[in-house]
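All remarks here apply to the structure that follows.
Derivation of every value follows stated rules applied to the coordinates shown; laboratory data play no part. Only a predicted model underlies this, so the values are computations on that prediction, with no experimental measurement involved. Backbone-built Cβ (ideal geometry, glycine too); neighbour counts: all protein chains shown.
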Amino acid sequence: MRERLGSPSLPVVLGELGYFLDQTDERFKHAAIVNAGTLAATARLGAAACVSAHGLAHKGDRLHFGTEAQLSLGERYALAWLRLAHQGGVEAASDGAAEPPFGFPGSADMCDAVAIDKAVID
């Protein structure tokens, strides 16, 4: 994307999948690995950030973010982009709330940096 736009330092913001996905469902069994890879990819990309989906609710189908969650996720994307765009300059405004954590609850075994790095490469 950066190459096609001719902007090698364009800030990129990635977002996690919702934590509400049922990982026992065959369709979503790799959701934690996808989220870990998304987070790991930002370190490789440079000028990139990942926003957490922690604490965000689904719309009742355990697949899509609900309206309030979409608004919160949008605010997280905006704040992450502002921080990237102003790196080394003016600090982006924040409401002082703690940043949400990353990673599916109970997926600590998927957070091994070496395993994530290998998964991203593969």
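Starting at the first residue of the range 67-73, write each ³J(HN,Hα) from the Karplus equation 6.51 cos²θ - 1.76 cosθ + 1.60 with θ = phi - 60°, in whole Hz, x for Gly and Pro. Whole-Hz 3J(HN,Hα) from phi for the range 67-73: 4, 4, 5, 4, 5, 5, 5. Amide H contacts under 5 Å for Val51: Leu14, Gly15, Glu16, restricted to partners 5 or more places along the chain or on a different chain, H placed in the peptide plane at 1.01 Å from N. Whole-Hz Karplus values for the range 9-18 come out as 10, 4, x, 10, 10, 10, x, 6, 6, x Hz, taken residue by residue from phi with 6.51 cos²θ - 1.76 cosθ + 1.60 and θ = phi - 60°; glycine and proline positions read x. Backbone geometry of the range 49-56 corresponds, through the Karplus equation with coefficients 6.51, -1.76 and 1.60 at θ = phi - 60°, to 3J(HN,Hα) couplings of 9, 10, 9, 7, 9, 4, x, 9 Hz, x marking Gly and Pro. Electrostatic bookkeeping for Gly55 treats Lys and Arg as +1 and Asp and Glu as -1; over the other residues with beta carbon under 14 Å from its beta carbon, the sum is -3.
Between His58 and Gly66, the built amide H atoms are under 5 Å apart, and every one of these is 5 or more places off in sequence or on another chain.
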